[in-house]
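Just so it is clear, none of the values below were taken in a lab; they were calculated from the coordinates. Model, not experiment: these values are computed from the prediction. Neighbour counts run over all protein chains shown; Cβ positions are idealised from the backbone, glycine included.
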Amino acid sequence: MKNPIYVTQPAMPPLEEFTQYLEKIWGNKILTNNGPFHQQFEKELADYLGVKYVSLFSNGTLALITALQALKVTGEVITTPFSFVATAHSLWWNGIKPVFVDIEPYFCNLDAEKIEAAITPQTTAIMPVHVYGNICEVDKIQKIADAYGLKLIYDAAHAFGVKVDGNSILNFGDLSVLSFHATKVFNTIEGGAIVSHDEKTKTRIDFLKNFGYDGELRVVAPGINAKMNEVQAAYGLLQLKYVDRAISNRQRISDLYKELLHNIKGLAFQNDQIDVIHNHAYFPVFIDEQLFGMSRDGLNEFMKSNGVFGRRYFYPLISQFPTYKGLSSSNPANLPVAELAAKKVFCLPIYADLDLDDVKRICTLIKSAGK
Ligand code: T4K
């Protein structure tokens, strides 16, 4: 068997360049608490992304939890079951009840048409996810949020660098939350950020991620410790130099998958969205067992036995985990599209340094597995 290929592999900057940053940190001994690299990274990241304000976090989950605190969200929040479990966990950690609404079948995002029916007097916000970096129906969702006076927080963990009509997708909604985990398009080892649109909100978020401190003696809110440290921030600054290259490599891989897999019976993949600049964060395929001649799980086992470790993101649905299973909105009858997508989906390896010959080998294996 050749070297195993995993669903992803972090893009890392050249080590010799990173040591220069480390030398500065060793020199000034500022390790955390809004140090110089942190400040520089926040600014350069905001410029790169085309957004007004960025608040850096130690990871995406704490950023989600803090975003909900920042907007004082309570009661019930409408969200998707087809996501990484952190989306719903961030609600749970705030004592908020998640209300799961089904997804649409094309991009696996929250179905805007089904949101209104799930709104109750307790609903205070909507938390959609731009799943796989595909953008949600942002205009429709904003209209619903406005009509019912709801906050709108996007889990944009997958949506680094994604633009629609030239505008960052992070500029929609009240807040957007990014993850810079090692497995993401852009990583700071662990890390995350909240994108906000006005200074007052940015300031509140920055208090909240630092115990609620405003200056040395004043604590203005019950904050948490969710700060990004200087090593992460320096690494992130350096990563910014290489992220365009990483995304264009991903595009090449995605294009090759599409070229080689387009004619396979029982295997479908997602089309590019119109007027959207994608980041090619994931490459999900959807297996129809009858037509393909093998189940999704069968394909997963077959690929594993050949050294290819794809992932079934997002199976099981969040609504099927014990914490959430008892909620009435978790009833599979309420979530038929998500249930089906979770049964069919298989994410193929995609990352900046994935060799195109390996992509060809993966496609040949898939073809040999199907009928
Ligand atoms: N919202 C959404 C929609 C999310 O997808 C996520 C995270 C969050 C919120 C929360 O953000 P963070 O708090 O994580 O910043 C991974 C990641 O841990 C998680 O960050 C990510 N979503 C989720 C979709 O995937 P696992 O358990 O599948 O990762 P793991 O460790 O199995 O890694 C997958 C493969 O990547 C490995 O087989 C090998 C490779 N790998 C992984 C790591 C960590 C490496 O080559 N090097 C590495 O350092 O959850």
Per-residue Cβ neighbour rank within 10 angstrom, fewest leading, 22, 91, 62: 22, 91, 62
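Which of the trypsin sites (Lys or Arg not before Pro) across the stretch 1-91 are loop residues per DSSP, with 12 or fewer other Cβ within 10 Å? Provide the component values of the computation, followed by the final result.
Details: sites: 2, 24, 29, 43, 52, 72; in loops: 2, 29, 52, 72.
Here the trypsin sites (Lys or Arg not before Pro) that fit, given the DSSP loop and packing criteria, are 2, 29, 72.
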Dipole of the chain, positive end: most advanced residue of 150, 277, 208 [Cβ charges, Cα centre]: 208
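Expressed as a rounded percentage, what relative contact order does the stretch 244-369 have, with Cα pairs under 8 Å and six or more residues apart?
Details: 153 pairs, mean separation 45.5, N = 126.
Dividing the mean separation by the residue count of the stretch 244-369 yields 36 percent.
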Dipole in debye (nearest 20) - the chain, about Cα centre, beta carbon charges: Lys, Arg +1; Asp, Glu -1: 640
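When DSSP assigns beta bridges and you keep just the ones with both residues in the chain, what percent turn out antiparallel, to the nearest 5? Please report the intermediate quantities before stating the final value.
Values: 25 of 41 bridges.
Within the chain, antiparallel bridges account for around 60 percent of the total.
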Cα principal axis extents for the chain, largest first, Å: 69, 56, 38
Dipole of the chain, positive direction: furthest Cα of 32, 331, 298, with charges on the beta-carbon: 298
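Would you tally the net charge around residue 275, using a Cβ to Cβ cut-off of less than 13 Å, leaving residue 275 out, and scoring K and R as +1, D and E as -1? Walk me through the numbers on the way to the answer.
Numbers: positive: 163; negative: 139, 165, 272.
Summing Lys/Arg as +1 and Asp/Glu as -1 gives -2.
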Calculated [θ] (222 nm, deg cm²/dmol) that DSSP helices of n ≥ 4 give over the chain, each run adding -39,500 (n - 2.57): -11000 deg cm²/dmol
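Give, rounded to the nearest 20 debye, the magnitude of the charge dipole that the stretch 244-369 has about its Cα centre when Lys and Arg contribute +1 at Cβ and Asp and Glu contribute -1 at Cβ. Mind showing how you got there, number by number?
Working: 15 positive and 14 negative charges, 58 e Å.
About 280 debye.
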5 angstrom amide H check on residue 151, placed H, neighbours 5+ away: 125, 126
Whole-Hz couplings from phi, Karplus 6.51/-1.76/1.60, listed for the stretch 210-219; x for Gly and Pro: 10, 6, x, 6, 10, x, 7, 10, 9, 10
